[in-house]
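Enquirer: One structure is given below, represented as structure tokens, and several questions about it will come after.
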Amino acid sequence: QFATRVVSCQAAELRPEGGGAPVRGFQVVLEDTILFPEGGGQPDDRGLIGEVPVLRVTRRGPEALHFVPAPLEPGAAVVLSLDWDRRFDHMQQHSGQHLITAIAEQMFGFKTTSWELGRQRSLIELDTPSMTAEQVEALERSVNEKIRERVPVTVRELAADDPEIETVRSRGLPDDHAGPVRVVDIEGVDSNMCCGTHVSNLSDLQVIKLLGTEKGKKNKTNLVFLAGNRVLKSIEQSHSTEKALTSLLKNGPGEHVEAVKRLQSSVKLLQKNNLNLLRDIAVLIARDFKSKPVRSQLFVLHRKEGDSEFMNIIANEIGTEDTLLFLTVGDEKEAGLFLLAGPVEAVENLGPRVAELLGGKGAGKRGRFQGKAAKMSRRGEVQALLQEFISHRSPEA
């Protein structure tokens, strides 16, 4: 906690991180703050001003802007509280990034060009087109050795014109930077210009796990990592998944992969057999219709199981020169697929109206109109429409 005063409070809007409509609130400037504004690859802190939650902290020049949902009186004395769990997580990930970056450059000459502290995992963009599994393993081993050595991490400030700044690793200062330059030192390992929050000893990182690499942009490689408590949470999640799989697959963790492969093979075989059966059923349905001594001008069929191919096989077998076909597949209470097939002019006229009645979308050509239907329960209305069309078209009418 930290006691301070409100300097100013102005109405403002906040755009949610996940998108959506802006949230109305207020931007508050305090005399001083212990909440870190987003910057340097690190997200912002969260906390409370009195009882009012701080939803975002950003930087405007030397000022930290605290976005809050309720107004605060300028000049009022307030107590600022920090969300420590979030802060410590960010400290672990950021110090972990400094350590990985320094060791990766020392061991392999891979320079860091950017990094991102994500909600679940973090990325370091390395200036190399690739990184071998052996290099990742060696890097992980080396950074964890430094953690076990309990190396101190310290912060110092240098004047902007101090010649020592030239010896400090940096990706440049912000254009609006003013005042002294902040340097974070990992004793005997790294000196880095940085505005972020860090642990005071590498032992506070607990452990670092490198999850592997991903292809980055412009011939670069993204190294994915977890540090500290995130490693423990990841192990807990993996263990829970492992227990669930053990229960479902009825075997030990070492046999899970083979068991899943066997299941995949079985599913593929069943899908193939099911597809063949559906094709056979489609042919039989069509032949049964064609065998009737007097054929109806309208053929309507709904089946819960099926797909577009199933419907098209029926249409092909029956023929659509003289018969209008309305076929649907799917659960009546949910979405499904439909096919309208028949004489070209009739289908062109009726297709869009059928799609509209079914609350769906479709397209067609050469006497077939098919698509998705959101309201399968309205099939009866479509059938009535088609019956009416046929009755008006027939010579008897």
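Enquirer: Test of understanding: in a Gaussian network model of the chain with alpha carbons linked when under 10 Å, which of 293, 74, 22 would top the mean-square fluctuation ranking?
Expert: 293
Enquirer: Name the residue from 7, 192, 247 whose Cα lies farthest towards the positive end of the charge dipole of the chain, charges +1 on Cβ of Lys and Arg and -1 on Cβ of Asp and Glu.
Expert: Farthest towards the positive end: 247.
Enquirer: Mind listing the long-range amide H neighbours of residue 7? Cut-off is under 5 Å, sequence gap 5 or more, other chains count too, H placed in the peptide plane at 1.01 Å from N.
Expert: Distant-sequence amide H within range of residue 7: 29, 30, 31, 75.
Enquirer: Using only Cα atoms, tell me the angle between helix 229-249 and the longest principal axis of the chain; keep it within 0 to 90° and round to the nearest 10.
Expert: For helix 229-249, the angle is close to 30 degrees.
Enquirer: Given points 7 Å out from each Cα along the Cα-Cβ axis, report the residue 332 to residue 34 separation in nanometres with one decimal.
Expert: The two pseudo-label positions are separated by 6.5 nm.
Enquirer: Could you pull out which residues in region 31-59 have an amide N less than 19 Å from a spot 7 Å beyond the Cα of residue 114, following the Cα-Cβ vector?
Expert: The answer is 38-44, 59, whose backbone nitrogens lie closer than 19 Å to the label point.
Enquirer: Which FRET efficiency value, to the nearest 0.05, is calculated for residue 13 and residue 88 with the Förster distance at 30 angstrom and r the Cβ-Cβ distance?
Expert: So the FRET efficiency works out to roughly 0.50.
Enquirer: In addition: Using a cut-off of 26 Å between alpha-carbon atoms, which lysines can reach residue 218, once sequence neighbours fewer than 8 places away in the same chain are excluded?
Expert: Output for residue 218: 111, 209.
Enquirer: Write down the percent of antiparallel bridges among all DSSP beta bridges whose residues are both part of the chain, to the nearest 5. Provide the component values of the computation, followed by the final result.
Expert: Working: 72 of 79 bridges.
The antiparallel proportion sits near 90 percent.
Enquirer: Also, I was wondering about something else. Let me check I've understood the local charge: for residue 314, count other residues with C-beta under 13 angstrom from its C-beta, Lys and Arg +1, Asp and Glu -1. What total comes out? Let's see the in-between values first.
Expert: On the way: positive: 279, 287, 290, 303, 368; negative: 280, 288, 307, 309, 317.
Residues near residue 314 contribute 0 overall.
Enquirer: First check a/c for region 2-82, with a ≥ b ≥ c the square roots of the eigenvalues of its C-alpha gyration tensor; if it is under 1.5, answer rounded, and if not, answer prolate when a/b is larger than b/c or oblate otherwise. Could the numbers behind the result be given before it?
Expert: Working: a/c = 1.69, a/b = 1.26, b/c = 1.34.
Oblate.
Enquirer: On the principal axes of its Cα set, how long, how wide and how thick is region 264-366? Give whole Å, largest value first.
Expert: 46, 36, 25
Enquirer: Quickly work out the residue 154-to-residue 105 label distance, labels modelled 7 Å from Cα along the C-beta direction, and quote it in nm with one decimal.
Expert: The two pseudo-label positions are separated by 2.0 nm.
Enquirer: Additional query: What aspartates and glutamates sit close enough to residue 243 to cross-link, taking a C-alpha to C-alpha distance under 14 Å and skipping anything fewer than 8 places away on the same chain?
Expert: Once the sequence-local aspartates and glutamates are set aside, what remains near residue 243 is 255.
Enquirer: Work out how much length residue 121 to residue 288 would gain on full extension: take 0.36 nm times their residue separation and subtract the Cα-Cα distance, in nm to one decimal.
Expert: 54.2 nm
Enquirer: Another question about this same structure. Taking the Cα centre as origin and putting +1 on Lys and Arg beta-carbons and -1 on Asp and Glu beta-carbons, what dipole magnitude results for the chain, to the nearest 20 debye?
Expert: 1980
Enquirer: Still on this structure, please answer the following. So, with a 1.4 angstrom probe, what is the percent of accessible area on the chain that is carbon and sulfur?
Expert: Answer for the chain: carbon and sulfur cover 50 percent of the accessible area.
Enquirer: Checking the table 304/333; 272/365; 272/361 against a 19 Å threshold on Cα-Cα, which pairs fail?
Expert: Values: 304/333 11 Å; 272/365 29 Å; 272/361 29 Å.
Checking Cα-Cα distances, 272/365; 272/361 exceed 19 Å.
Enquirer: With each pseudo-label sitting 7 Å past Cα toward Cβ, what's the residue 279-residue 248 distance in nm, one decimal?
Expert: Computed distance between label sites residue 279 and residue 248 equals 3.1 nm.
Enquirer: Consider all pairwise Cα distances in the chain and report the whole-number % of them above 36 Å.
Expert: Counting every Cα pair in the chain, those more than 36 Å apart make up 55 percent.
Enquirer: Right, here's the next one. Could you give the accessible area per residue of region 233-328, probe 1.4 Å, as a whole number in Å²? Walk me through the numbers on the way to the answer.
Expert: Working: 6520 Å² over 96 residues.
Averaged over the residues of region 233-328, the accessible area is 68 Å².
Enquirer: Could you tell me which residue out of 139, 237, 54 lies farthest along the dipole of the chain toward its positive end? Charges go on the beta carbon: Lys and Arg +1, Asp and Glu -1, centred on the Cα centre.
Expert: 237
Enquirer: Report the FRET efficiency, 1/(1 + (r/R0)^6), for residue 256 and residue 211, where r is their Cβ-Cβ distance and R0 is 22 Å, rounded to 0.05.
Expert: With R0 = 22 Å, the Cβ-Cβ based efficiency is 0.70.
Enquirer: Given the -39500 (n - 2.57) contribution per DSSP H run of 4+ residues, what per-residue ellipticity at 222 nm results for the chain, rounded to the nearest 500 deg cm²/dmol?
Expert: -12000 deg cm²/dmol
Enquirer: Check which residues have an amide H placed less than 5 Å from residue 56's amide H, if you skip close sequence neighbours.
Expert: So residue 56 has HN proximity to 67.
Enquirer: Leaving out same-chain residues fewer than 8 places away, which aspartates and glutamates sit with a Cα under 18 Å from that of residue 233?
Expert: 85, 89, 204, 242
Enquirer: So the label point goes 7 Å from the Cα of residue 236 along Cα→C-beta, right? Which residues of region 81-95 then have their backbone N under 19 Å from it?
Expert: In region 81-95, the label zone of residue 236 (backbone N under 19 Å from the point 7 Å along Cα→Cβ) covers 83-93.
The values are calculated or read from the model by the stated rules, or taken from the named source; none is laboratory data. Just so it is clear, the structure is predicted and the values come from calculations on it, not from any experiment. Note: ideal-geometry Cβ built from the backbone for every residue, glycine included; neighbour counts use all protein chains shown. SASA here: full protein model, heavy atoms, side chains in, ligands and nucleic acids out. Shrake-Rupley method; radii C 1.70, N 1.55, O 1.52, S 1.80 Å.
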